[in-house]
Amino acid sequence: DVPKATEPRSDSDGPRRGSLCDRHCATINNFQGDLGCHLHCPRVSPAICPSSCCQQYSEEVCESCVVKTTLTAENAVEANKLSNNYKFGFKKWKSHVTERPWEDRSEIVKELYSDLNIIRGSGGSTVTCGNVLYLLLFGWWLSFLYVLVAAVMFLTIVGAPYGQLCWDLAGYFLWPFGKVIQKVEVPKSRQVLGACEAGAEACGAGESSALLGGPVPHRWSPRCWVDTKYWQRAGTVVWLCLGYPMLVVAQGLVCVIAWLLIILIPVAKLSARTVTRVLLLPPERVLVRRLRMTEVPLEGEVILCCYRAINPYYYKYAVDGINVFAVNLLPLVLVTLVLGYVDSHNHLTSSSIKFTLALLSIMPLSYYIGMAIASISAQSNFAVGAVVNATFGSITELTFYISALIKGSREDNRCYAEIVKSALTGTLVGCVLFVPGLCMVIGGIRHQEQRFNSRSAGVSSALLFLSVGGVFAPTLFSKVYGKLVCGECHNVTQNPLGHYLCHNCHFDLMENNGTLYYSHVQPLVYTVSLLLPAAYLIGLFFTLKTHSHIYDIHISDCHMPGHHHSAVVHWSRWRALIILLLSTLCMSACADLATEHISPILTNSTISQYFIGVTVLAMVPELPEIVNGIQFALQNNLSLSIEIGNCIAVQVCMLQIPILVLFTIFYPTNFTLVFSDLHVYASMFSVVLMNYTFMDGKCDYFQGTVLVMVYFILLAVYYFAPSPSGC
């Protein structure tokens, strides 16, 4: 997704009209067309403008032009996905939706997907911190278990060859680094059953190591165990009944623990390959050797050869296109659903644990929904992609909000409506301040100064101003015309004309049987709920149709002629659709469990309900989007990082809130589009600050730090704020 190169713009595109900058660019294009210097707006530093242009025209003209950005893609599906990333209203997705060509991957990534059967040259000492950690966590007790199994197999007599194998593997698993497990190839002439003396002579004299090229020590055996009917041996039956099951359980436990720790995935591969390959081979076919630096493998198959137990780059590992973190969190969803619906009376776990599990389960489900949307959009036309993004783009947040409103309506508890308002405000403030600020800070660590498309950011900023003004218009209206009602007031000075101290004050909208609300505020809410989606559609039409050139993105094939790569998608459209529907169903169930078990937290917690709403409930579902933004920023593509936060904030105001208002029409709840003063001030201040920061089209880590610090200051305000009335 990183801009790789610049591509001259063809003359057929023609100069853009309507601004002085466009006319200057057109003039430069006419005079410098033979040099490929075709430039157009928006503004950019003169450092990236061609020197031939700046020599004839002023620096001001050059600063107002930018070279057209060209992005590289392996195939048409990836090109469509990259193009969708720059379309307003489409989900921005960093991960590939197709399999990347193997030759295009870095050596670090190739090592992650390679099998543990590659013998390298001298790679230094195997005594590392990660290998020592393996010894302390797994090595010592695995080795001890293999010794016990070896003793049992020796006692059975017929399983003695397997006892010798387990004895060798005990030394291997104590410290497997720098050692090799090899499958010994037995010539056909030695597979003919004969006299025991002839067989023993063939096995002892003729076997040679593929690793050393020298003689192989003869295994202990009452006869030469080279028998084609391996599975009919008595020793094999004893091994499969006594020894193999115990080792499968132990190796499986090691595999699961190492896989969940992610950086220990090499150990998980080691255990899985041992269970599926090594322990199912005839014992005479398995050879365990220490690999010396001077040894060169000649013949035979290397089954296992491990050098490191820990690889920190396994956070990039993916299974069928799914990141390993999302794979590991998927069982958490099943545990949450089982505990939530089976243990409904909290006999096994408490409500707080179930709420935490339900909230954590939303993260992998959000990832699967995002991956499914990106896959369907990349393999479909624009209309289908737009419908899918508009329908399922906000499904994660809406499922939780609607579940909370339904529960609040059933219990006649206004606190749930206030929690939803806090979550909406927290999402808006977090996506405007925290998401771009964090991306600026992390991206600024690698890049001294980052630039982005200020025109596209300006469109999002204008929509944010419009949406925030529309959302909070009913609140401001109620403040002006509502009647202030207080719960209790005390005269501080004991003078009837003195000062009064009042508590639990709020604006009453139901004065005179709700005339103010039903006759004035509610019609305003419905009007705003119709205008905001209409403004969103106009913004889509503006950015995707009439003014799509403001993004200035061109997708090209990065491969040389003769090296064409066909698209091999991770998820087909039907598979992505099924996963999308199942993830949405599970998301609804987890949201229902979260709202079902949030009551004890709201009633027993000393933390303000405002703080819980604007932090946990607002930002946890957005974690996959935050990770995508950080990855874009690290690749110096801050435009997409900013667009991620802006698009979510715009969708909160222009889609999610109108949908909630529409839902309250058909299912009456306690939700009204009247927010507290704290929500109004925090949202407006955040939008103004964001717009001021994005004016010049460039940023650094300092500006990102300012946004993050302001966000944490607002969180502190919410933390110390009293709980809303009704909670």
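Table for the structure above
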item	result
Spin-label proximity, Ile406 to the stretch 647-691 - amide N less than 17 Å from point 7 Å beyond Cα toward beta carbon	659-671
Residue-span extension gain [Ala234 to Arg100] - 0.36 nm each, minus C-alpha spacing	43.4 nm
Stretch gain in nm, segment Glu449-Asn604, where the contour uses 0.36 nm per residue and the Cα spacing is subtracted	51.1 nm
Per residue solvent-accessible surface (Å²) - the stretch 560-663, probe of 1.4 Å	38 Å²
Label point distance in nm, Tyr526-Leu242, each placed 7 Å from Cα along Cα→Cβ	8.3 nm
Calculated FRET value between Tyr315 and Met695, using beta carbons and R₀ = 35 Å, to 0.05	0.50
Using a Förster distance of 45 Å, the FRET efficiency for Thr391-Ile108 (Cβ separation, nearest 0.05)	0.75
Sites matching trypsin sites (Lys or Arg not before Pro) across the stretch 262-344 that sit in DSSP coil, with at most 12 neighbouring C-beta atoms within 10 Å	Arg292
Exceeding the 19 Å Cα-Cα cut-off - candidates Lys110/Lys183; Lys179/Lys269; Lys407/Lys479	Lys110/Lys183; Lys407/Lys479
Rough spin-label spacing in nm, given labels placed 7 Å along Cα→Cβ, for Ala151 and Ile659	6.3 nm
Cα gyration tensor shape for the stretch 319-476, rounded if a/c is under 1.5, else prolate or oblate	oblate
Mean Cβ count within 10 Å, highest first, over the residues of peptides 103-116, 351-364	351-364, 103-116
Heavy-atom accessible surface of the stretch 312-395: percent carbon and sulfur, 1.4 Å	74 percent
Separation of alpha-carbon centers, the stretch 104-156 and the stretch 635-652, rounded to whole Å	43 Å
Subset of Lys354/Lys421; Lys94/Lys698; Lys81/Lys354; Lys91/Lys421; Lys87/Lys698 violating a 26 Å alpha-carbon distance limit	Lys81/Lys354
Cβ-derived FRET efficiency at R0 25 Å, Ile263 paired with Ser572, nearest 0.05	0.20
Phi-based couplings in Hz for the stretch 152-160 (Karplus 6.51, -1.76, 1.60; Gly and Pro marked x)	5, 5, 5, 5, 7, 6, 5, x, 4
Å² of accessible area per residue within the stretch 387-464, as computed with a 1.4 Å probe and no ligands counted	32 Å²
Fully extended contour minus Cα-Cα distance, from His345 to Phe712, at 0.36 nm per residue	128.4 nm
Ordering of 437-445, 636-644 by burial proxy (mean other Cβ atoms within 10 Å per residue, highest first)	636-644, 437-445
Other-chain or far-sequence residues with amide H under 5 Å of Cys306's (modelled H)	Gly178, Lys179
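The values are calculated or read from the model by the stated rules, or taken from the named source; none is laboratory data. As the structure is a prediction and not an experimental result, all values here were calculated from the model. Note that each Cβ is placed from the backbone with ideal geometry, even for glycine, and that neighbours are counted across all protein chains shown. Side chains included, ligands, DNA and RNA excluded: accessible areas come from the protein's heavy atoms. Shrake-Rupley method; radii C 1.70, N 1.55, O 1.52, S 1.80 Å.
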